[in-house]
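Q: Below you will find the structure I want to go over with you.
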């Protein structure tokens, strides 16, 4: 984790936007008889969409606020959300892109393995929990100092998430009903995220670290996020539209890169 610098007007904007979405959700719950957790879902989806976009598209602030507004509106309209898997996907991106400015400590890795286990109470949660294990492994493969502790944490995350999902009976007993257009679109998005490299980032790793974010890490983060959203849409017995805000963040980051690529030509 890293602190949110309130000196930045962009950070203050997303806090205000998240609070506004939560307040709107509370109003709808009290006066329109909507879901009791709507305020939490709206505020959290707003913030998580912004935070994930900042990981996958670190050079631009406006795109992050745009997808944040979409995420909050999506929840307030009564569309399906998945806050815990969304939060796990954010951690996947943060580990892979390595934006915190320091290498993960053993305590960090243990916490990530625990999160992967706890979030895997649904099939979509299991995909993101297992994705955390993959993220730890990918991070170690791209690091200069791979450690045994990280590999053990990745193993613990993979086994723990699978055990929880199995014991809880969350795995679907029959093949979930797929939405052909949505599934095909998410599959195409995943392929583009894997094959299309970003341009060289100009943002620093954390505001206190004068080291540029690595392009290969941004590419890996986008690819992994795209694949997890795609696989999550296939295995999930939850309302599959819950992955739409996550997919939009990935799509927006890819589109933003293409615009920047054209601008630099």
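Q: When you go through (1) surrounded by 14 or more Cβ atoms within 10 Å (Cβ to Cβ); (2) closer than 28 Å to residue 59 by Cβ one by one for residue 133, which number turns out not to apply?
A: Result: residue 133 passes all but (2).
Q: So which of 96, 46 ends up being surrounded by 24 or more Cβ atoms within 10 Å (Cβ to Cβ), at pLDDT 95 or above and closer than 14 Å to residue 246 by Cβ?
A: After applying the criteria, what remains is 46.
Q: Separate question: List the helices (runs of 4 or more DSSP H) inside the range 148-237, counting only whole elements, that have at least 2 residues being touching a residue at least 60 places away in the same chain (Cβ under 8 Å), in contact with a helix residue (DSSP H, G or I) (Cβ under 9 Å, 6 or more places away or on another chain) and within 25 Å of residue 250 (Cβ to Cβ).
A: Hits in the range 148-237: 180-195, 215-235.
Q: While we're here: Taking residue 258 as the residue in question, decide whether it is modelled with pLDDT of 90 or more, surrounded by fewer than 20 Cβ atoms within 10 Å (Cβ to Cβ) and touching a helix residue (DSSP H, G or I) at 6+ places or on another chain (Cβ under 6 Å).
A: no
Q: When you scan the range 96-105, do you find a residue that is under 17 Å from residue 155 (Cβ atoms) and outside any helix (DSSP H, G or I), even just one?
A: yes
Here's the yes/no breakdown for (1) more than 24 Å from residue 248 (Cα to Cα); (2) crowded, with 24+ Cβ neighbours inside 10 Å; (3) touching a residue at least 24 places away in the same chain (Cβ under 8 Å):
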{"residue": "6", "(1), (2), (3)": "yes, no, no"}
{"residue": "14", "(1), (2), (3)": "no, no, yes"}
{"residue": "37", "(1), (2), (3)": "no, no, no"}
{"residue": "40", "(1), (2), (3)": "no, no, yes"}
{"residue": "70", "(1), (2), (3)": "no, no, yes"}
{"residue": "77", "(1), (2), (3)": "no, no, no"}
{"residue": "111", "(1), (2), (3)": "yes, no, no"}
{"residue": "116", "(1), (2), (3)": "no, yes, yes"}
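Let's see how each residue does on (1) buried (at least 17 other Cβ atoms within 10 Å of the Cβ); (2) in contact with a strand residue (DSSP E or B) (Cβ under 6 Å, 6 or more places away or on another chain); (3) more than 18 Å from residue 89 (Cα to Cα); (4) in contact (Cβ under 8 Å) with a residue 60 or more places away in the chain:
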{"position": "21", "(1), (2), (3), (4)": "yes, no, yes, no"}
{"position": "51", "(1), (2), (3), (4)": "yes, no, no, no"}
{"position": "54", "(1), (2), (3), (4)": "yes, no, no, no"}
{"position": "59", "(1), (2), (3), (4)": "yes, no, yes, yes"}
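Q: Name the residues in the range 143-175 that are at pLDDT below 85 and either surrounded by 15 or more Cβ atoms within 10 Å (Cβ to Cβ) or within 21 Å of the chain's Cα centre (by Cα) (or both), would you?
A: 170 - this is the single residue of the range 143-175 that is at pLDDT below 85 and either surrounded by 15 or more Cβ atoms within 10 Å (Cβ to Cβ) or within 21 Å of the chain's Cα centre (by Cα) (or both).
Q: Taking residue 66 and the conditions (1) under 23 Å from residue 204 (Cα atoms); (2) part of a loop (DSSP other than H, G, I, E, B), which numbered condition does it fall short on, given that it satisfies the others?
A: Unmet condition: (2).
The values are calculated or read from the model by the stated rules, or taken from the named source; none is laboratory data. Quick caveat: nothing in here was measured; it's all calculated off a predicted structure. Virtual Cβ from ideal backbone geometry, glycine too; neighbours counted across all protein chains shown.
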